[in-house]
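Below is one structure, written out as structure tokens; comments come after it.
The values are calculated or read from the model by the stated rules, or taken from the named source; none is laboratory data. It should be emphasised that the depicted structure is a prediction, and the values quoted were computed from it without experimental measurement. Using ideal geometry, Cβ is built from the backbone for each residue, glycine included, and neighbour counts are taken over all protein chains shown. Just the protein is used for accessible areas: all its heavy atoms, side chains included, with ligands, DNA and RNA removed. Shrake-Rupley method; radii C 1.70, N 1.55, O 1.52, S 1.80 Å.
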Amino acid sequence: VMAPLGKYVAASFGSFLIDTVVLQLLFVLSGSLFWSVVGARLVSGSTNFVLNRRLVFRAQGDLRRSIVRYGALALTLLASNYVWLHALTDFGVPLLPAKVATELVLYVIGFQVQRGYVFARGQHERRLVTRAARLV
């Protein structure tokens with residue numbers, strides 16, 4: 001039960017390090033927070049997708065479906081990440097602490113959505129859809 005979470009932590013931390021280095025580098029080069037966040041996410045998100053699909057969740061299903069679902073999640077998290085980073089830096093929080101705080105907030109949400117939807121296996125996915133339908 002804890003193995004997927006431990007692997008997720010390791011994959012996420014590696015992706016976080018990549019994202020942080022690329023974000024800092026792109027921000028120094030461009031001065032644009034938006035394009036720095038987008039560029040960093042493209043690099044770290046691609047790495048994170050491969051690690052999560054193969055090592056964490058060991059997904060065997062349709063690759064195209066997983067990519068589309070992961071892309072939708074990544075875009076949602078990217079938008080939220082940018083909004084939080086922009087707000088925190090506007091309040092005077094330096095970029096690196098703002099990034100750490102933002103990532104911690106979005107971390108648990110990302111795991112739950114990936115486990116229950118992006119890389120879900122049959123029965124678990126059907127239960128998630130059934131629960132969501134009941135809420136509507």
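Of the listed requirements (1) open to solvent by 80 Å² or more (accessible area, probe 1.4 Å); (2) of a type outside the set (Asp, Glu); (3) not in a helix (DSSP H, G or I), GLY61 misses just one: (1).
Okay, residues lined up against (1) of a type in the set (A, V, I, L, M, F, W, C); (2) modelled with pLDDT of 90 or more:
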site	(1), (2)
SER32	no, yes
LEU63	yes, no
PRO94	no, yes
VAL118	yes, no
GLN123	no, no
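Close Cβ contacts (under 6 Å, 6 or more residues apart or on different chains) running from residues in the stretch 58-84 that are under 23 Å from THR20 (Cα atoms) to residues that are open to solvent by 30 Å² or more (accessible area, probe 1.4 Å) comprise LEU73/VAL113; LEU78/ARG41. Exactly one residue among LEU96, LEU75, LEU55, LEU88 is in a helix (DSSP H, G or I), among the aliphatic types (A, V, I, L, M) and surrounded by 17 or more Cβ atoms within 10 Å (Cβ to Cβ), and that residue is LEU88. Restricting attention to the stretch 40-57, the residues being without any contact (Cβ under 8 Å) to a residue 60 or more places away in the chain and either at positive phi or not β-branched (Val, Ile, Thr) (or both) number 11.
Yes or no, residue by residue, for (1) aliphatic (A, V, I, L, M); (2) more than 20 Å from ALA3 (Cβ to Cβ); (3) at pLDDT below 90:
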| residue | (1), (2), (3) |
| --- | --- |
| VAL50 | yes, no, no |
| PHE91 | no, yes, no |
| LEU104 | yes, yes, yes |
| ARG126 | no, yes, yes |
